[in-house]
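Written below as structure tokens is the structure these notes are about.
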Amino acid sequence: MQLASKYDPSEIEQSCYDAWERNGLFRSVPDERPAYTIVIPPPNVTGMLHMGHMLNNTIQDVLIRRARMQGFNACWVPGTDHASIATEAKVVAMLKERGIDKSTLSREEFLQHALEWKEKYGGIILKQLRRLGCSCDWDRTKFTMDPDLYASVIRVFVDMHEKGLIYRGNRMVNWDPVGKTALSDEEVIYTEEDSQLYYLRYKIVGGDGHILVATTRPETILGDTAVCVHPDDARFAKLKGARVIVPLVNREVPVIFDDYVDPEFGTGALKVTPAHDINDYELGKRHNLEVIDIFNDDASIAGSVGMYSGINRFELRKQIARDLQEAELIEKIESHKNKVGRSERTRAIIEPRLSRQWFVDMQAFMKRNPEVLDHVMNDTITMHPSKFKNTYRHWIEGIKDWCISRQLWWGHQIPAYYLPDGSYVVAESRQSALEKARTQDPQIRDEDLTQDDDVMDTWFSAWLWPISVFNGILEPQNDEIRYYYPTSTLVTAPDIIFFWVARMIMSGYEYRKELPFKDVYFTGIVRDKQRRKMSKQLGNSPDPIGLMDQFGTDGVRLGLLLSAPAGNDLLFDEALCEQGRNFCNKLWNAFRLISGWETNGTVDPWYDAHGSFANSWMRERIDTVLEQVEEHFEQFRISDALMAMYKLIWDDFCSSYLEMIKPTYGTCISDDQLEQVKSFFDEILRLLHPITPFITEHIWQTLHGDPNRFINQSRYPVSRGNRGYSEEMDFALNIISTARSLRSQHGLSPKVPATLRSCGNARIALDRTQGIISRLANIVEFETDSGSGITQLVGASEFIFDFEGFEGETVDVAKLQDELDRLRGFLIGIEKKLGNEKFIANANPEVVAREQQKMSDTLSKIASIERELSQAGK
């Protein structure tokens with residue numbers, strides 16, 4: 001069989017994936033098998049593959065391929081999210097390039113442009129996921145604005161409104177002046193930034209003095225309606241009932257007293273702007289203050305303010321600071337650090353703003369569904385790693401109402417219809433709304449109804465994703481939702497635990513009365529070597545497609561998983577991908593080696609004498625690793641599972657077993673032995689396939705000589721429980737390693753034969769491994785008497801390696817004496833510990849046994865060095 005000298009992924013990956021799709025290997029329909037279901041965290045329809053996607057989807061693919069091979073009916077549902085804010089921003093930008101302003105379009109015209117954009121660019125990331133090897137059931141691909149999913153979202157809104165869980169209210173919200181929409185608390189990212197603290201003078205009405213007020217936002221004095229101080233602050237006791245004048249604005253406002261104020265911050269006096277700060281808003285409600293909204297939607301100053309009209313808020317800050325200084329109304333300006341809220345999507349600084357919006361009453365929701373918290377805390381839903389349970393609990397226990405309306409056109413339009421008198425009805429369709437409206441006023445006509453312009457928060461559709469992809473809202477008892485739901489595992493990033501994970505759990509209990517998934521696997525954040533989060537702005541995020549071109553998809557998948565423990569950040573380095581590529585080459589070279597072995601000719605007699613032990617050891621190593629891998633996967637320690645496979649393949653199979661088994665020059669391997677090697681290799685390929693799907697498929701098909709059979713349709717290997725060989729083989733391999741190391745140290749050729757002499761304290765017999773040691777270390781004689789040569793400890797056993805023709809070198813007595821002194825000191829410490837009755841009584845028996853073994857090994861080493869020093873002194 002002629003095989004390429006190097007594995008070239010570019011020659012097989014696309015054809016391999018095409019064959020998988022052509023043969024429908026990823027399709028799933030309900031049958032008698034147990035289901036294993038994953039729903040993809042839908043990437044934004046605007047999205048392109050980034051390193052976070054690479055990690056997340058590689059893990060999902062590993063889990064789904066493994067489940068498929070274990071006999072489950074594995075169903076991985078792909079799809080994309082409409083991403084209201086991000087997509088609308090891209091469409092607006094596209095229109096601007098064409099010379100079209102959104103404000104000149106009707107809603108229908110804009111949505112037509114948006115759909116056109118979506119059709120052109122929306123499928124890119126799904127094609128990129130195929131390149132990554134993702135084995136999704138592509139026939140099930142969903143989009144959050146597909147007709148059935150759209151209808152599901154509308155039905156849930158109406159249902160929750162009827163249950164009193166959704167209400168419309170005038171409340172303080174997070175306003176994004178760039179996106180021109182309200183945001184939920186979870187969509188605001190707080191960062192510590194440099195700013196300035198302005199000390200402003202508020203003149204006391206009817207007096208000569210003033211109150212000094214410190215603020216980071218002097219521009220909001222235009223909306224000030226009070227100054228607040230702490231009731232116990234003696235500095236302001238005389239100001240009860242007093243009024244002050246807002247600088248520049250010349251508006252008289254009251255001095256109010258409230259224990260909300262921190263007397264230690266700034267000057268102890270707080271300007272109160274109820275329309276533009278959530279805490280000021282609460283103060284305003286308690287003290288019945290006027291609310292003055294000073295901003296337009298883009299955070300420029302509203303014309304109704306009467307001054308500075310149309311100026312941007314940040315330009316106004318500079319202008320007002322100058323004007324205040326000219327009017328001698330600023331005492332001083334200090335540098336200051338404070339936390340600034342920014343829009344997660346547009347990065348714009350959030351403007352707290354009083355606005356009429358739609359909200360979910362989260363407290364009422366939780367009273368209906370206490371399982372949302374209880375079933376996470378008792379591990380009915382298991383989070384991996386479990387540290388995120390406390391994060392989840394903290395958010396649930398402090399939960400606030402969810403603002404779900406967005407001032408956008410792209411998304412699920414809120415199904416509220418306004419009547420001429422300002423009242424409204426909520427209904428799934430316009431016709432249904434008309435019927436409801438006529439119960440209030442029989443004269444209402446269709447043209448009298450005006451649907452709410454706003455759309456729902458993107459997460460309001462995303463929280464239904466595990467249910468809606470199986471049409472479980474519109475048809476709650478359909479066969480698919482009953483078969484595939486609850487799903488098995490959710491793989492996601494911890495930064496959306498509130499946005500998405502918690503809310504899916506909520507909707508699951510509200511609409512299915514059960515959990516939406518059994519396990520949640522939190523990936524870490526992909527960072528660069530300097531621990532910075534990867535981003536386009538920093539220029540530290542590699543192109544995933546370029547990485548796959550350079551290292552092969554399997555190499556990149558390996559590189560990602562080698563250092564991706566659950567919940568911990570991944571410090572990405574391209575060297576990891578290079579390591580992954582090298583591993584694939586190792587696998588390929590092993591295949592080339594095996595494929596080149598002949599069975600027609602003189603069979604090496606070594607196999608009859610020693611092949612059985614080598615095979616039994618390899619069987620045990622595979623079984624041991626299979627058990628380790630099973631345990632790691634049960635605990636979602638995928639990186640640990642990979643490392644166990646990696647060592648099995650690189651160290652045990654390639655570097656040790658194949659070296660033992662390969663026929664010597666001029667001989668052949670027996671038919672039975674070759675079949676055994678191929679059987680082990682087959683098992684290893686099946687074990688590794690979920691992680692490196694392309695190379696394992698290609699080698700497996702070639703190994704079996706059948707391009708119409710697929711490894712992912714074969715069974716995942718399971719341990720047979722073989723034991724009894726590793727201790728002897730590990731000892732033998734240690735002897736082989738020592739012999740090779742000594743040859744290297746002393747410049748001896750591997751062809752120089754050696755005699756191995758046991759000094760009588762070997763704990764493990766070499767009877768069954770002499771043939772392996774002889775073959776791999778060129779040991780030609782095994783003796784038990786003393787003699788010349790190099791004395792060496794192997795573990796705690798002493799051996800003499802006598803290399804033919806080697807006279808030895810001068811012993812470094814001083815170095816040996818230093819080592820002897822060190823070991824004697826170490827022994828004293830161990831003896832003290834073992835002589836401590838409290839330690840013996842309280843320590844775990846395994847710990848005591850380890851200490852006893854340390855003492856025994858140390859005594860052996862001391863005796864060995866003492867003998868060597870004694871011989872050197874003769």
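Taking a point 7 angstrom from the Cα of LYS96 along the C-beta vector, which residues in region 332-358 have backbone N less than 14 Å away?
346-348
Between LEU3 and LEU816, what's the calculated FRET efficiency when r is the beta-carbon distance and R0 is 45 Å? Round to 0.05. Spell out each step's value before the answer.
Values: r = 51 Å, r/R0 = 1.13.
The calculated FRET efficiency here is 0.35.
Can you tell me how much longer the chain between GLU193 and ASN378 gets when fully stretched, taken as 0.36 nm per residue apart minus their C-alpha distance, in nm with one decimal?
62.7 nm
Put a dot 7 Å past each Cα toward the Cβ at ILE545 and LEU859; how far apart are the dots in nm?
It is 6.8 nm.
Considering every pair of different Cα atoms, what Kirkwood radius, in Å, is found for region 397-448?
Numbers: mean 1/r = 0.0779 Å⁻¹.
For region 397-448, the Kirkwood estimate is 12.8 Å.
Rounded to the nearest 0.05, what FRET efficiency is calculated for ARG33 and LEU212 with R0 set to 51 Å and r the Cβ-Cβ distance?
According to the calculation, E is roughly 0.10.
Roughly what % of DSSP beta bridges within the chain run antiparallel, to the nearest 5?
70
What are the DSSP H helices in the chain that stretch 15 Å or more along their long axis, judged by alpha-carbon atoms, and whose average Kyte-Doolittle hydropathy comes to at least 0.0?
TM-like helix candidates: 84-97, 147-162.
From the C-alpha gyration tensor of region 672-813, pull out the three semi-axes of the equivalent ellipsoid (sqrt of 5λ each), sorted largest to smallest, in whole Å.
Semi-axes (√(5λ), whole Å): 42, 17, 13.
Taking the Cα centre as origin and putting +1 on Lys and Arg beta-carbons and -1 on Asp and Glu beta-carbons, what dipole magnitude results for region 658-798, to the nearest 20 debye?
Rounded to the nearest 20 debye, it is 260 debye.
Per-residue ellipticity at 222 nm for the chain, helices alone: DSSP H runs ≥ 4 residues times -39500 (n - 2.57), over residue total, nearest 500 deg cm²/dmol?
-12500 deg cm²/dmol
So who's got an amide H within less than 5 Å of the one on ARG527, skipping anything under 5 residues away but keeping other chains? H placed 1.01 Å off N, in plane.
It is LEU570, LEU571, PHE572, by chain and number.
Which pairs in the list LYS586/LYS854; LYS387/LYS838; LYS90/LYS163; LYS238/LYS332; LYS90/LYS127 are over 29 Å apart, alpha-carbon to alpha-carbon?
LYS586/LYS854; LYS387/LYS838; LYS90/LYS163
Taking K and R as +1 and D and E as -1, what net charge do the other residues with C-beta under 12 Å from the C-beta of LYS833 add up to?
+1
Please report, to one decimal in angstroms, the Kirkwood hydrodynamic radius of region 12-120 built from all distinct Cα-Cα pairs.
About 17.0 Å, per the Kirkwood formula over Cα pairs.
How long is the gain from ASP446 to ASP185 if the chain were fully straight, where each residue apart is worth 0.36 nm and the alpha carbon distance is subtracted?
90.3 nm
Are there any GluC sites (Glu not before Pro) in region 546-638 that are in a DSSP loop and have at most 16 other Cβ atoms within 10 Å? List them by number. Intermediate values should be presented prior to the final figure.
Values: sites: GLU574, GLU578, GLU598, GLU620, GLU627, GLU630, GLU631, GLU634; in loops: GLU598.
Those satisfying the criteria are GLU598.
Under 5 Å between amide hydrogens, which residues at least 5 positions from ILE381 or on another chain qualify, with H placed 1.01 Å from N in the peptide plane?
Here VAL376 satisfy the definition.
Calculate, in nm to one decimal, what SER10 and ASP671 gain on full extension: separation in residues at 0.36 nm each, minus their alpha carbon distance.
234.6 nm
Between THR267 and ARG532, what FRET efficiency follows from the Cβ-Cβ distance if R0 is 35 Å, with the result rounded to 0.05?
Working: r = 38 Å, r/R0 = 1.10.
With a Förster radius of 35 Å, E is 0.35.
Can you list residues from other chains, or at least 5 along the same chain, whose modelled amide H is less than 5 Å from the amide H of VAL244?
Amide H neighbours of VAL244, under 5 Å, 5+ apart: VAL205, VAL253, VAL255.
Report the trypsin sites (Lys or Arg not before Pro) located in region 723-759 that are in a DSSP loop and have at most 10 other Cβ atoms inside 10 Å of their Cβ, or state none.
Taking region 723-759 and a limit of 10 other Cβ atoms within 10 Å, the loop trypsin sites (Lys or Arg not before Pro) found are LYS751.
Please express the Cα-Cα pair-distance distribution P(r) of region 375-495 as a list of whole percents, one per 5 Å bin, running from 0 to the bin with the greatest distance.
Per 5 Å bin, starting at 0, the Cα pair percentages come out as 2, 9, 13, 13, 14, 15, 13, 9, 6, 4, 2, 0.
So how far apart, in nm, are the two label points at ALA237 and GLU831 if each is 7 Å from Cα heading toward Cβ?
For the pair ALA237/GLU831, the computed spacing is 7.7 nm.
Order of 51-64, 375-388 by packing, highest average Cβ count within 10 Å first?
Per-residue mean Cβ counts within 10 Å order the peptides as 51-64, 375-388.
Pop a pseudo-label 7 angstrom from the Cα along the beta-carbon direction at both THR599 and LEU474 and give the gap in nm to one decimal.
Spacing of the two 7 Å Cα→Cβ label points: 5.8 nm.
Over all directions, how big on average is the projection of the convex hull of the alpha-carbon atoms in the chain, in square nanometres?
Seen from a random direction, the Cα hull of the chain projects 51.6 nm² on average.
Any read-out appearing in this document is the output of simple, stated calculations on the displayed coordinates, not a laboratory observation. These figures come from a predicted structure and were not determined experimentally. All Cβ positions, even for glycine, are placed from backbone atoms using ideal geometry, and neighbour counts span all protein chains on display.
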